[in-house]
Amino acid sequence: MSDVQAVFQHFSDATVTQFMDIEPCVSLTEAEEIIQFHIADSGCRYGLFLKLNHELVGTCGFHCWDQGQPSKAEIGFDLSASYWGQGLMHEALTEVVKIGFDLMKVDYIEATVEQENARSIRLLEKMHFYKHDELVDKLLYYTLTKREAARTILIKKEQVNVMDSPNITLRRITKENELSCIALKPREDQLSLVATNADSLVHAVKEVTSIPHGIYADDLMVGFVLFDNEVYSDGYYWILRLMIDEKYQGQGYGRSAIKQLINQLKDRTDCRQIRVSHVPHNTVANRLYKRCGFQETGEFEDNGDIILSYSFEVNGHGD
């Protein structure tokens, strides 16, 4: 407890605790409780000391370290007002993020921040944390993946190589990974565009030709796809569902998954076309499928969904 006095001095400053879920310290006992909390927590908290005089000017680190699948930890930080605007916390968080990905082996890092905390918001966005649309307990919610961190932070190359395409595989959904699949969800504004994965798994039970697969980046499930494993009664193979979890969107996983699916089906002699449909206002899906070689057929589902088709005729599967 040699740092109790320094911790007390730091956290007794109301500008430090303004956006934290604690009140300013009024006693050394409260400072000791802060230290004990972080010792007992599943994460790790570091003190930031100036090299010149070893003054404690802030803290940063992780708490709520969840080592499940996917693994994650929430990052937190605070800095004395006298040192705002000098780049100290950016430097410190850069090292902490490396610890998270290189040593703790987390799949992504979370952060929550008060909507009025403009300085922390700017710092997170400068470090390429992704801002989600929904709030968590009225707080802004951010995440950072290994791939995004590697754009600006030198985490170990064996962890992620941003020069490579995402390492995507499709794996059957079984009892072992079913819960991970159900836990995946799109962004809040996408909920009306795609069925839940739980509903899709129920559909797969009823439609024996459709097989549910998890979309994996290495050993991490990042999305879900449901497609026909046999030619459907209309003579086509259909992609019935495709989604990427909100935390992993924008990293090329959807496009890579579609390419994997095309490669799986291209050598089947009865697979002349792969078809997919989407709601008319889902422009993101429309662009994605067209980039993968799908074209609008001019046809529509009974509910008005637009139908697109990928033809194998150019690859020698025509008449």
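The values are calculated or read from the model by the stated rules, or taken from the named source; none is laboratory data. Since the structure is predicted, the reported quantities are computational estimates derived from the model, not experimental observations. Because the Cβ atoms are built from the backbone with ideal geometry, glycine has one as well, and the counts that use them run over all protein chains shown.
Out of all the residues in segment 155-177, which are modelled with pLDDT of 55 or more and out of contact with any Phe, Trp or Tyr (no Cβ under 7 Å at 6 or more places or on another chain)?
Within segment 155-177, Asn167, Leu170, Arg172, Ile173, Thr174, Lys175, Glu176, Asn177 meet the criteria.
Would you confirm whether any residue within segment 53-63 is at pLDDT below 90 and closer than 28 Å to Asn177 by Cα?
Yes, because at least one residue in segment 53-63 is at pLDDT below 90 and closer than 28 Å to Asn177 by Cα.
How about segment 269-310: which of its residues are of a type in the set (Ser, Thr, Tyr) and part of a strand (DSSP E or B)?
Ser277, Thr297, Ser309, Tyr310, listed by residue number.
What are the pairs with Cβ atoms under 9 angstrom where one residue, in segment 19-43, is of a type in the set (Phe, Trp, Tyr) and the other, located anywhere, is assigned to a loop (DSSP other than H, G, I, E, B)? Sequence gap at least six, or different chains.
Qualifying pairs under 9 Å: Phe19/Glu114; Phe19/Glu116; Phe19/Asn117.
Could you check segment 114-142 and list, in sequence order, the residues that are assigned to a strand (DSSP E or B) and over 19 Å from Asp66 (Cα atoms)?
Tyr130, Lys131, His132, Asp133, Glu134, Leu135, Leu139, Leu140
Every residue in segment 25-43 that is within 18 Å of Phe77 (Cβ to Cβ) and at pLDDT 90 or above, please.
Cys25
How do the pairs read when you match residues in segment 230-252 that are more than 19 Å from Asn282 (Cβ to Cβ) and at pLDDT below 90 with residues anywhere that are basic (Lys, Arg) and part of a loop (DSSP other than H, G, I, E, B), using Cβ under 9 Å and keeping only pairs 6 or more apart or on different chains?
Val231/Arg268; Val231/Arg272; Gly235/Arg272; Tyr236/Arg272
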